[in-house]
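Before any comments, here is the structure.
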Amino acid sequence: MKPYRDLSTPQRAWDFVVIGAGVIGVSIARELKRRHGGHVLVIEKEDSAGRHASGRNSGVLHTGVYYTAGSLKARLCVEGNRRMREYCLTNRIPMVDKGKVIVTRHEGELPALRELHKRSQANGVRVSLIDEQALHEIEPCAKTVGQALFVQDTAVINPQKVMEAMVAEAAREGVEFRYGCAWGGARRDGVVETSQGQIAYGHLVNCAGLFADRVAHAYGVGRQYRILPFRGQFYLLRPQSKVRVNGNIYPVPDLRNPFLGVHFTRRPEGEVTVGPSALPLLGREQYRGLRGANMSDSAAMVRYLARLFGRNLDHFRSIAWKEAVKMSRLGFYREAVGLADGLELRDLLPGKEPGIRAQLVNTGTAELLSDFVIEHGPQSTHVLNAVSPAFTSSLPFADYVVSAMKLDH
Ligand SMILES: Cc1cc2nc3c(=O)[nH]c(=O)nc-3n(C[C@H](O)[C@H](O)[C@H](O)COP(=O)(O)OP(=O)(O)OC[C@H]3O[C@@H](n4cnc5c(N)ncnc54)[C@H](O)[C@@H]3O)c2cc1C
């Protein structure tokens, strides 16, 4: 692609402007620079990168156990796990590399466990069905009924460390970052309004996470979609707890919904997190209480949540009910106690920052979308459903998005 230059435009012209310095925006910007050269600018409304989902997630490098064979998620997650592990090793980012076990809480979960085993095999993931004795050798405190799944290549990293390394690398390679610079609206073709003035571009890439639908709509793209925010709350396991966790202990999830359930995860810094929940919110950045909710947005969220509740697709009512229960420590405890022997209510300590998932919903059908969604407009590309495991998948995800871009000049 030839560099884009139009010196009559309001500011210096950029070949590519990427909105959002989360893991997706940064990895796409880096890939654009590597492939096309030219001037690449990332604008970020916060004062540093990774302040939202990318810096506040569980840090688990997933493997592709859960996803339907052939889905974009399955493909990008399998490759993403391999590449992110390599990236962390090369950049000396500490990693807990002890795999994960998926356990059943009652016999009724065994068919879903076997389905996960099948999906893993179809996706080429290294897994084994193990009995209780083998489980105890891997995770002495984990409980299961009959069988469990051992997933060898699951690892845990600190996502903020990965973000720091990626931003530093992209900057070294010539990507420019402008912080405190919020996208504020689409003007005419090729010019974007920001809190720091107008910026001219050749191609715009929308990686705005929780606001990606709003940005896309301004370009006439993805009008059938809307982002619903779901807050993931975590507890820290009391260091004196009888529960010992080597790697990760996960439940069998309800395969009809996009969330994986409360799990135990040992982090590279040594502590163990328990979580996250997935509470539907009224505000996109509603990290605590009602802060981060705004009236017009909240009214729209209430409308969509009511429709999801009414239609009950993907068993939304039972998800919402289960998640509401987890708002209390006791409800959370009841969810976690089925996974590990020796857990006590007092073992759950507050501590880790919550994260908010940007879950896409189709407003026509009231369905929660499970696969990644990328849409194109004239001179623009929009990443609309970069939900978990998008952190794990970010490196091949960037290759995929950059290859699929429709560049007009
Ligand atoms: C609780 C939780 C646990 C998770 N666990 C895992 C896990 O274990 N493994 C895994 O692989 N994935 C996990 N995920 C998913 C993963 O974190 C996300 O898929 C990924 O971080 C999405 O990255 P992103 O760059 O799209 O979004 P974000 O990180 O949210 O980045 C979007 C950026 O856009 C910026 N922005 C928004 N609006 C504007 C604007 N108007 N102008 C300028 N900038 C703007 C925001 O400030 C933000 O920095 C988890 C997510 C959550 C919430």
_So for segment 75-89 (the condition being within 19 Å of the chain's Cα centre (by Cα), more than 30 Å from Tyr179 (Cα to Cα) and surrounded by fewer than 17 Cβ atoms within 10 Å (Cβ to Cβ)), does at least one residue qualify?_
yes
*For segment 44-54, how many residues are more than 6 Å from the ligand (Cβ to nearest atom) and surrounded by fewer than 22 Cβ atoms within 10 Å (Cβ to Cβ)?*
2
*How about segment 151-168: which of its residues are touching a strand residue (DSSP E or B) at 6+ places or on another chain (Cβ under 9 Å), farther than 15 Å from His263 by Cβ and of a type in the set (A, V, I, L, M)?*
Ile157, Val167
*Could you pull out every one of the strands (runs of 3 or more DSSP E) wholly within segment 346-409 that has 1 or more residues that are within 11 Å of the ligand (Cβ to nearest atom) and in contact (Cβ under 8 Å) with a residue 40 or more places away in the chain?*
355-362, 380-383
_Residue selected from segment 227-266 under the condition buried (at least 19 other Cβ atoms within 10 Å of the Cβ) and among the basic types (Lys, Arg), by the criterion nearest to Glu323 (Cα to Cα)_ = Arg231
*asked:* As an exercise: evaluate Gln286 against (1) in a loop (DSSP other than H, G, I, E, B); (2) in contact with a helix residue (DSSP H, G or I) (Cβ under 6 Å, 6 or more places away or on another chain); (3) open to solvent by less than 20 Å² (accessible area, probe 1.4 Å) and give the number of the one condition it does not meet.
replied: (2)
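Residues are listed down the side, and each one gets a yes or a no for (1) basic (Lys, Arg); (2) open to solvent by 30 Å² or more (accessible area, probe 1.4 Å); (3) over 28 Å from Asp408 (Cβ atoms); (4) touching a strand residue (DSSP E or B) at 6+ places or on another chain (Cβ under 6 Å):
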position: His117; (1), (2), (3), (4): no, yes, yes, yes
position: Gln133; (1), (2), (3), (4): no, yes, yes, no
position: Glu137; (1), (2), (3), (4): no, yes, yes, no
position: Gly146; (1), (2), (3), (4): no, yes, yes, no
position: Leu149; (1), (2), (3), (4): no, no, yes, yes
position: Ala170; (1), (2), (3), (4): no, no, no, no
*Residues Arg187, Arg256, Arg266, Arg223: which one is closer than 28 Å to Ser370 by Cα and at pLDDT below 95?*
Arg256
*Could you list, in sequence order, the residues of segment 370-388 that are under 17 Å from Arg357 (Cα atoms) and polar (S, T, N, Q)?*
Ser370, Asn385, Ser388
*Return the total of residues in segment 303-334 being open to solvent by less than 60 Å² (accessible area, probe 1.4 Å), assigned to a helix (DSSP H, G or I) and over 30 Å from Tyr225 (Cβ atoms).*
3
*The one condition in (1) more than 18 Å from Ser54 (Cβ to Cβ); (2) within 11 Å of the ligand (Cβ to nearest atom) that Pro280 fails to fulfil*: (2)
_Just the residues that are within 14 Å of the ligand (Cβ to nearest atom) and either open to solvent by less than 20 Å² (accessible area, probe 1.4 Å) or part of a loop (DSSP other than H, G, I, E, B) (or both), please, taken from segment 25-43._
Gly25, Val26, Ser27, Ile28, Ala29, Arg30, Leu41, Val42, Ile43
*Of the residues that make up segment 3-24, is at least one assigned to a helix (DSSP H, G or I) and at pLDDT 95 or above?*
yes
*Any residue at all in segment 244-258 that is part of a loop (DSSP other than H, G, I, E, B) and either without any contact (Cβ under 8 Å) to a residue 40 or more places away in the chain or among the acidic types (Asp, Glu) (or both)?*
yes
*Residue check, Thr68 against (1) β-branched (Val, Ile, Thr); (2) within 6 Å of the ligand (Cβ to nearest atom); (3) surrounded by fewer than 24 Cβ atoms within 10 Å (Cβ to Cβ), all met but one. Which one?*
(2)
*Hey, can you tell me all the residues within segment 192-218 that are within 11 Å of the ligand (Cβ to nearest atom), open to solvent by 40 Å² or more (accessible area, probe 1.4 Å) and not small (Gly, Ala, Ser)?*
Glu193, Gln196, Phe211, Arg214
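The values are calculated or read from the model by the stated rules, or taken from the named source; none is laboratory data. Remember, it's a predicted structure, so these values are computed and weren't measured experimentally. Here Cβ is always computed from backbone atoms with ideal geometry, including for glycine, and neighbour counts include all displayed protein chains. Just the protein is used for accessible areas: all its heavy atoms, side chains included, with ligands, DNA and RNA removed. Shrake-Rupley method; radii C 1.70, N 1.55, O 1.52, S 1.80 Å.
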